[in-house]
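So the structure is just underneath, and the comments pick up after that.
The values are calculated or read from the model by the stated rules, or taken from the named source; none is laboratory data. All values reported here derive from a predicted model rather than from experimental measurement. All Cβ positions, glycine included, derive from the backbone under ideal geometry; neighbour counts span all protein chains shown. Ligands, DNA and RNA are stripped out before the accessible areas are found, and what is left, the full protein with its side chains, is counted by its heavy atoms. Shrake-Rupley method; radii C 1.70, N 1.55, O 1.52, S 1.80 Å.
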Amino acid sequence: MTSQEVRLCGLLLREHFGDVVEKVGTHLLKSGAQNLRTIIHETGISLDLVKKSLCVLVQHGACVFSPGRKGRGSPTEYVASCDRILRILRYPRYIYTAKTLYGDTGELIIEELLQRGHMTLSNTVKTVADRLTQNMEEGHSMDYSEVSSAFSKLVETHFLQRCPPPAGAGSKDSTTEATNATPDASAAPVSTAQPTPESFPDCYKMPHVTLVGRGKRQLSTEDGEEQRNAKKARLAIETHGDEGIYWQVNLERFHLHFRDQTIISAVANKLDQTSSEIVRTMLRMSEVTTSPAATCTKPLSANEIFRSLPSGYNIPRPILDQYLTLLVDDPMEFVGKAGESGGGMFVVNLDRALANLARATLESVVQERFGSRSARIFRLLLRKRHLEQKQVEDFAMIPAKEAKEMLYTLLSQNLVQLQEIPKTADFAPSRTFYLYTVNQLPTARMLLQNCYKTVANLIERRLFESKESKRLLEKSQRIEAILASLQASGAEPEQLTEVEEMITAPEKQQLDALRLHINKLDSAENQVDETIFLLESYINSTASSTS
């Protein structure tokens with residue numbers, strides 16, 4: 001974990017949960033596993049606030065707890081998860097993907113679960129139905145069964161999963177067995193490994209829930225307060241059959257979807273739309289049979305691909321064979337050939353595709369920062385692996401002086417490495433080869449840290465802009481609230497105009513400029529996060545393939 005990751009995690013925690021949670025979370029990230037007393041002593045925060053902060057972090061999966069490392073009887077220790085906190089940056093993308101695949105209902109289900117960490121099925125259905133009803137016309141409401149159906153679809157496609165039982169929540173029998181064990185065995189430290197959701201057999205099993213009703217509108221009057229209090233009391237009494245069964249968003253499943261979409265988009269940009277549709281069909285067919293850590297999909301025959309193509313694509317079989325041959329021969333290696341049976345067996349090379357996309361990203365960064373000639377040298381070193389300075393000048397067709405300057409600039413930025421190969425043991429410069437090379441994996445890691453730093457700077461700038469114009473934003477929100485209440489009560493146009501004029505023309509211009517600037521910063525955060533996702537996927541796939 002680097003300083004840039006800790007800094008970005010702190011900013012994300014502060015923005016979403018407040019300063020106290022940020023202080024506790026950052027302390028855990030820097031210090032590692034700690035018990036409650038140590039956290040209170042080293043942070044100087046009161047016991048009550050530390051407990052509440054840990055509850056928030058555990059609720060959202062940003063912190064896990066386990067028995068102490070010294071064995072039974074030692075205080076429970078808490079460990080913050082840097083990777084899980086960084087996923088907060090990707091929340092808008094998860095919600096937008098759910099909206100694209102499952103409409104407004106799916107969007108609100110994912111949004112509620114991300115905001116609250118985990119919820120039961122019945123509570124999620126009621127909350128989402130109420131929110132959808134609130135946005136419907138008067139006299140219309142959302143049925144619970146429709147929301148429950150959308151929830152079921154998300155579970156079937158593994159976008160939602162049950163929360164695993166806490167570590168150490170075993171049966172009484174296992175506890176008794178551990179107590180009756182030999183002294184040597186009982187003295188051994190307790191395993192602190194956290195259970196994964198997939199290790200839980202009922203991870204994607206829908207409980208039998210009895211939910212009948214429709215969403216209700218939220219009232220803004222005193223009656224609304226009474227209605228909310230009555231609803232809380234009713235929820236405390238009502239049972240639906242899913243008590244204690246909590247659900248969370250399966251972020252890894254979203255990441256697999258993002259990876260597939262990235263590959264499909266790259267094929268469309270490199271070749272054409274028909275090629276991307278063939279790759280999309282192959283990924284969809286092998287979605288269930290391919291494990292998340294696989295380097296390539298399961299082999300598919302050309303006959304299977306032909307039968308599974310969408311009905312809108314009337315591609316003759318010979319044309320499909322030509323497209324598959326074109327994809328196999330493409331230097332990006334998106335598709336590979338695994339055999340000749342069934343008209344040919346084909347796979348999607350997931351790891352190679354990610355490696356080539358990461359490589360293209362590195363080349364793009366070099367071109368944007370240092371120009372096309374430096375990008376030419378960088379691309380040349382990626383392909384030739386090791387070259388002397390004279391060879392770089394000749395192959396890149398760049399004058400010696402310029403090539404030397406560009407190589408030294410890239411070397412100073414750690415984008416290019418210099419390898420010394422001595423002819424003799426004394427490393428004399430006159431008897432040593434100096435070869436320039438590019439190590440793609442370390443360079444990708446360095447670029448990833450730069451991306452974390454960029455996102456942290458963008459967030460800090462956005463928070464600073466909002467703080468500088470805090471008074472104006474609060475005034476705008478008050479006026480918008482007054483206008484909404486007047487419109488709801490059927491006020492006359494003159495009254496509405498009078499309220500709108502409370503903001504002067506210069507203030508309106510300032511507000512428009514501020515909102516435009518903040519929207520640009522938000523858009524930049526999302527764009528950088530796409531690069532972060534691609535580099536993280538490449539680094540993780542490389543680590544899993546080498547292990």
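Any idea how many residues of segment 276-297 are closer than 22 Å to TYR538 by Cβ and either over 24 Å from the mean Cα position of the chain (by Cα) or not in a loop (DSSP other than H, G, I, E, B) (or both)?
So the answer is 6.
Please find, among GLN273, GLN261, the residue that is surrounded by fewer than 18 Cβ atoms within 10 Å (Cβ to Cβ), modelled with pLDDT of 85 or more, under 21 Å from the mean Cα position of the chain (by Cα) and in the same structural domain as VAL328 (by the TED database).
Being surrounded by fewer than 18 Cβ atoms within 10 Å (Cβ to Cβ), modelled with pLDDT of 85 or more, under 21 Å from the mean Cα position of the chain (by Cα) and in the same structural domain as VAL328 (by the TED database) holds for just one of GLN273, GLN261, which is GLN261.
Kindly list, by first and then second residue, each pair from a residue in segment 88-108 that is on the phi > 0 side of the Ramachandran plot to a residue that is hydrophobic (A, V, I, L, M, F, W, C) and part of a helix (DSSP H, G or I), limited to pairs with Cβ atoms under 9 Å and residues at least 6 apart or on different chains.
As it stands, the answer is GLY103/ALA150, since those pairs meet every condition given.
Which of the numbered conditions does THR504 fail, given that it passes all the others? Conditions: (1) at pLDDT below 90; (2) over 29 Å from CYS296 (Cβ atoms); (3) surrounded by 13 or more Cβ atoms within 10 Å (Cβ to Cβ).
If we test THR504 against (1) at pLDDT below 90; (2) over 29 Å from CYS296 (Cβ atoms); (3) surrounded by 13 or more Cβ atoms within 10 Å (Cβ to Cβ), just (3) comes out false.
Answer with yes or no whether GLY61 is modelled with pLDDT under 90 and more than 22 Å from PHE254 (Cα to Cα).
No.
So which of VAL6, VAL21 is in a helix (DSSP H, G or I), crowded, with 20+ Cβ neighbours inside 10 Å and either in contact (Cβ under 8 Å) with a residue 12 or more places away in the chain or among the charged types (D, E, K, R) (or both)?
VAL21
From (1) closer than 26 Å to GLU252 by Cβ; (2) open to solvent by 20 Å² or more (accessible area, probe 1.4 Å); (3) part of a helix (DSSP H, G or I); (4) touching a strand residue (DSSP E or B) at 6+ places or on another chain (Cβ under 8 Å), pick out the condition that doesn't hold for VAL56.
Among (1) closer than 26 Å to GLU252 by Cβ; (2) open to solvent by 20 Å² or more (accessible area, probe 1.4 Å); (3) part of a helix (DSSP H, G or I); (4) touching a strand residue (DSSP E or B) at 6+ places or on another chain (Cβ under 8 Å), VAL56 violates only (4).
Which residue pairs have Cβ atoms under 7 Å apart, sit 6 or more places apart or on different chains, and have a first residue in segment 477-505 that is touching a residue at least 24 places away in the same chain (Cβ under 8 Å) and a second that is of a type in the set (Gly, Ala, Ser)?
ILE503/SER476
TYR78: part of a helix (DSSP H, G or I) and in contact (Cβ under 8 Å) with a residue 12 or more places away in the chain, yes or no?
no
Please go through segment 276-287 and give me each residue that is within 16 Å of GLN322 (Cα to Cα) and open to solvent by 10 Å² or more (accessible area, probe 1.4 Å), ordered by number.
Passing the criteria: only GLU277.
May I ask you to say which residue of GLU137, GLU107 is open to solvent by 10 Å² or more (accessible area, probe 1.4 Å), in a helix (DSSP H, G or I), out of contact with any His (no Cβ under 6 Å at 6 or more places or on another chain) and not assigned by the TED database to the domain that holds LEU57?
Answer to the selection: GLU107.
Has segment 461-474 got any residue that is more than 30 Å from ALA360 (Cβ to Cβ) and small (Gly, Ala, Ser)?
Checking segment 461-474: at least one residue is more than 30 Å from ALA360 (Cβ to Cβ) and small (Gly, Ala, Ser).
Counting only residues that are open to solvent by less than 60 Å² (accessible area, probe 1.4 Å), out of contact with any Leu (no Cβ under 9 Å at 6 or more places or on another chain) and of a type in the set (Asp, Glu), which one in segment 318-372 is farthest from SER412 (Cα to Cα)?
ASP321
Please go through (1) part of a helix (DSSP H, G or I); (2) loosely packed, with under 14 Cβ neighbours inside 10 Å for LEU463 and return the number of the only condition it doesn't satisfy.
That leaves (2) as the condition not met.
Just to be sure before I move on: is ARG385 closer than 28 Å to TYR323 by Cα and open to solvent by 40 Å² or more (accessible area, probe 1.4 Å) in the structure I sent?
no
Can you confirm whether segment 458-469 contains a residue that is over 19 Å from GLU525 (Cβ atoms) and within 21 Å of the chain's Cα centre (by Cα)?
Within segment 458-469 (the criterion being over 19 Å from GLU525 (Cβ atoms) and within 21 Å of the chain's Cα centre (by Cα)), the answer is no, since none of the residues qualifies.
Taking segment 509-526 as the search range and keeping residues that are exposed (fewer than 13 other Cβ atoms within 10 Å of the Cβ) and of a type outside the set (A, V, I, L, M, F, W, C), which one is nearest to ARG259 (Cα to Cα)?
Ranking the candidates gives SER523 first.
Can you tell me which residues in segment 307-332 are part of a helix (DSSP H, G or I) and within 30 Å of PHE254 (Cβ to Cβ)?
Across segment 307-332, the qualifying residues are ARG307, SER308, TYR323, LEU324, LEU327, VAL328.
Within segment 117-128, can one find any residue that is open to solvent by 30 Å² or more (accessible area, probe 1.4 Å), at negative phi, at pLDDT below 90 and of a type in the set (Lys, Arg)?
Within segment 117-128 (the criterion being open to solvent by 30 Å² or more (accessible area, probe 1.4 Å), at negative phi, at pLDDT below 90 and of a type in the set (Lys, Arg)), the answer is no, since none of the residues qualifies.
What number of residues within segment 266-275 are of a type outside the set (Ser, Thr, Tyr), in contact (Cβ under 8 Å) with a residue 40 or more places away in the chain and part of a helix (DSSP H, G or I)?
3
Which of the numbered conditions does GLU42 fail, given that it passes all the others? Conditions: (1) open to solvent by 40 Å² or more (accessible area, probe 1.4 Å); (2) free of Cβ contacts under 8 Å to residues at least 40 places away in the same chain; (3) within 30 Å of HIS208 (Cα to Cα); (4) of a type in the set (D, E, K, R).
Of (1) open to solvent by 40 Å² or more (accessible area, probe 1.4 Å); (2) free of Cβ contacts under 8 Å to residues at least 40 places away in the same chain; (3) within 30 Å of HIS208 (Cα to Cα); (4) of a type in the set (D, E, K, R), only one is false for GLU42: (3).
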